[in-house]
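The values are calculated or read from the model by the stated rules, or taken from the named source; none is laboratory data. Note that the structure is a prediction, hence the values are computed from the model and not measured. Glycine also receives a Cβ, built like all others from the backbone with ideal geometry; neighbour counts cover every protein chain displayed.
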Amino acid sequence: MSSGDAVEDKGGSALRRLIVAGVIIALAVWFILANTEEVGVKLWLVKVETPMWIMITVVFIAGWAVGALLRRRAARKRA
């Protein structure tokens, strides 16, 4: 395999990841917009009443942050 092929593989892989990320984000946004009613969430001692879209957004961002932290940790182990 030549170095040109390796560059194309990396570019193709990056493009696939970008497309998959875009699809996941689009589905998350669609799911958030479809769920707008109020929900109650109990956080140990406190019960919070908030629109479901806010709760879904918070959980989505938390999941993204955990994934980013784990990816950074794995990259440090490899280096």
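Given the structure, is V59 outside any helix (DSSP H, G or I), surrounded by 10 or more Cβ atoms within 10 Å (Cβ to Cβ) and either at pLDDT 85 or above or touching a Pro at 6+ places or on another chain (Cβ under 6 Å) (or both)? Spelling it out, it is not the case that V59 is outside any helix (DSSP H, G or I), surrounded by 10 or more Cβ atoms within 10 Å (Cβ to Cβ) and either at pLDDT 85 or above or touching a Pro at 6+ places or on another chain (Cβ under 6 Å) (or both). The set of residues in segment 32-52 that are out of contact with any Asp or Glu (no Cβ under 9 Å at 6 or more places or on another chain) and in a helix (DSSP H, G or I) comprises I32, L33, A34.
Scan segment 11-25 and tell me whether some residue there is out of contact with any Phe, Trp or Tyr (no Cβ under 6 Å at 6 or more places or on another chain) and at pLDDT below 85.
Scanning segment 11-25, I find at least one residue that is out of contact with any Phe, Trp or Tyr (no Cβ under 6 Å at 6 or more places or on another chain) and at pLDDT below 85, so the answer is yes.
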